[in-house]
Amino acid sequence: MKIPDHIKDYYIWDGINPGYAMLYRKVGGMAGLLIYIYVRWQKNFPDYITKEKSEWVRLDNVKMFQEGFTMDRKTKTKAIRKLEKEKMLQVEWGTGKAPVVRLRLE
C-alpha cells in the first residue's frame, strides 16, 4: 500500500511524529501507518454537531475510501488488532459497526 499523493495535499505533515509513525508501521505494517496518519488527520477536524474535537476516531471503510485511505477491511482489522495488542491503540468494537479508536502513542 502506498500513501496516495493527493493525501499530502490535505494533511499538515508537521502533526505527525515520524518516530511514532514508524512504530505503527513496524507493528501494523503499511495498514498500521495509514491508520496512524488517518487518525491524526481526523483528530484535527471538529465534530460537525458539537464543534468540539475528539480523541476518538471512527475507522469507517467508506469514509476512509473516500478520503484516499483505501485498504481491505480484513487488512484493517488485522492491523487494528496488532496495534491494540501492543497497546498502541485503544479500540471500541461495535457489532456490525466500524471500530472507534484512540491513539495511545502520539
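The values are calculated or read from the model by the stated rules, or taken from the named source; none is laboratory data. None of these values were measured; they are calculated from a predicted model. Using ideal geometry, Cβ is built from the backbone for each residue, glycine included, and neighbour counts are taken over all protein chains shown.
Within the stretch 57-67, the residues that satisfy the criterion of being surrounded by 11 or more Cβ atoms within 10 Å (Cβ to Cβ) and either farther than 20 Å from LEU23 by Cα or touching a Pro at 6+ places or on another chain (Cβ under 9 Å) (or both) are ARG58, LEU59, ASP60, ASN61, LYS63, MET64, PHE65, GLU67. Taking the stretch 69-81 as the range and being charged (D, E, K, R) and either modelled with pLDDT under 90 or part of a helix (DSSP H, G or I) (or both) as the test, the residues that pass are ARG73, LYS74, LYS76, LYS78, ARG81. Among the residues making up the stretch 68-97, those that are buried (at least 17 other Cβ atoms within 10 Å of the Cβ) and more than 12 Å from the chain's Cα centre (by Cα) are LYS82, GLU84. Restricting LYS85, LYS26, LYS43 to those that are among the basic types (Lys, Arg) and at pLDDT below 85 reduces the list to LYS43.
The residue that is modelled with the lowest pLDDT, among those in the stretch 51-68 that are over 20 Å from GLY94 (Cβ atoms) and in a loop (DSSP other than H, G, I, E, B), is LYS51.
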